[in-house]
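Enquirer: A single structure is presented below for examination.
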Amino acid sequence: MDGPKTVTANFTVTYDLTVSSAYGSPSPAVGVHTYPEGTLVNASVDSEVAGATGEKFVCIGWSGTGSVPASDGTNATSFTMTADSSITWDWKTQYELTTDVSPAATGSVTRNPDAVWYDAGTIVQLTANPSDGYEFNSWSGDLTGVSNPGSVTMDAPKSVIANFSPVFDLTVSSAYGSPTPAVGVHTYSDGTNI
């Protein structure tokens, strides 16, 4: 000390932001981040994240505290740090439904609701529609039985096949008598004994 001295200590107010997310790669990353008061934070996360085959996770918004708006249904937001805060990214699970017909080109399958990806727990009604010359036979894969329409609950990825079999017309003609089958056109399933 060679004379009187004055020292001033300057402090900056800081706040913590806690980021949580079960999926994706949020920015800022999952964890606790410290920011000077007044910092503008731009937060975001992937809108969709792939899971296992036939599974994905869709961001449905966030829940916030402190400087973060309380909630919203998007995957991005901005806010100014004025208090300790948190943001939790919220997600829903979706599963893929695939359908096919057997043999090929013998019919189609319609879905209600009509989509490819469904929220977990959604019940989907499936209707088998045979092409001309075919009839619905059965379901196979993740739906079994012969009820048409049928339904599946989307609690996992699902694959369903509608099985069709050919039908044939028998035309009976006779000028006299009472033939069996009767005069007219009769449709029979493949393999029917007449």
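The values are calculated or read from the model by the stated rules, or taken from the named source; none is laboratory data. Here the structure is a predicted model, which means the values were calculated and not measured. Cβ atoms come from the backbone with ideal geometry, glycine included; neighbour counts cover every protein chain shown. For the accessible areas, the whole protein counts, side chains as well, though only heavy atoms, and no ligand, DNA or RNA atoms are used. Shrake-Rupley method; radii C 1.70, N 1.55, O 1.52, S 1.80 Å.
Enquirer: Round to a whole number: what % of the accessible area of region 106-194 belongs to carbon and sulfur, probe 1.4 Å?
Expert: Here carbon and sulfur together make up 49 percent of the probe-accessible area.
Enquirer: Between residue 98 and residue 27, how high is the FRET efficiency from 1/(1 + (r/R0)^6) when r is the Cβ-Cβ distance and R₀ = 45 Å? Nearest 0.05. Numbers along the way, then the final one.
Expert: Values: r = 34 Å, r/R0 = 0.75.
For R0 = 45 Å, the calculated efficiency reads 0.85.
Enquirer: Moving to a separate point now. Between residue 8 and residue 78, take the C-beta separation as r, use R0 = 30 Å, and let me know the FRET efficiency to the nearest 0.05.
Expert: After rounding to 0.05, the efficiency reads 0.35.
Enquirer: Let me ask something else about it. Given the whole protein assembly as supplied and a 1.4 Å probe, what does the accessible area of residue 158 come to in Å², nearest 10?
Expert: The accessible area of residue 158 comes to roughly 40 Å².
Enquirer: Okay, next question. Where only protein heavy atoms count, and the probe is 1.4 Å, what is the accessible area per residue for region 1-151 in Å²?
Expert: Accessible surface, normalised per residue, equals 57 Å².
Enquirer: Normalising by the residue count of the chain, find the relative contact order in percent from Cα pairs under 8 Å and 6+ residues apart. Display every interim value, and only then the final one.
Expert: Values: 431 pairs, mean separation 29.5, N = 194.
Once normalised by length, the contact order is 15 percent.
Enquirer: Continuing with the same structure: What are the semi-axes of the equivalent ellipsoid of the chain, taken as the square roots of 5 times the eigenvalues of the Cα gyration tensor, listed largest first and rounded to whole Å?
Expert: 70, 12, 10
Enquirer: Residue-wise, which Karplus ³J(HN,Hα) couplings in Hz belong to region 92-102, taking 6.51 cos²θ - 1.76 cosθ + 1.60, θ = phi - 60°, and x for glycine or proline?
Expert: Whole-Hz 3J(HN,Hα) from phi for region 92-102: 10, 9, 10, 10, 8, 10, 10, 10, 8, 10, 9.
Enquirer: Another one. Once you list every other residue whose beta carbon is under 14 Å from the beta carbon of residue 162, what net charge do they have if Lys and Arg are +1 and Asp and Glu are -1?
Expert: -1
Enquirer: Using a 1.4 Å probe and ignoring any ligands, DNA or RNA, find the accessible area of residue 40 and quote it in Å² to the nearest 10.
Expert: Spelled out: residue 40, probe radius 1.4 Å, area about 110 Å².
Enquirer: Now for a different question. Viscosity 1.306 mPa s, temperature 10 °C: give me the Stokes-Einstein translational D for region 1-98 in µm²/s, with Rh taken as the Kirkwood radius over C-alpha pairs. Numbers along the way, then the final one.
Expert: Numbers: Rh = 15.3 Å.
Estimated diffusion coefficient is 103 µm²/s.
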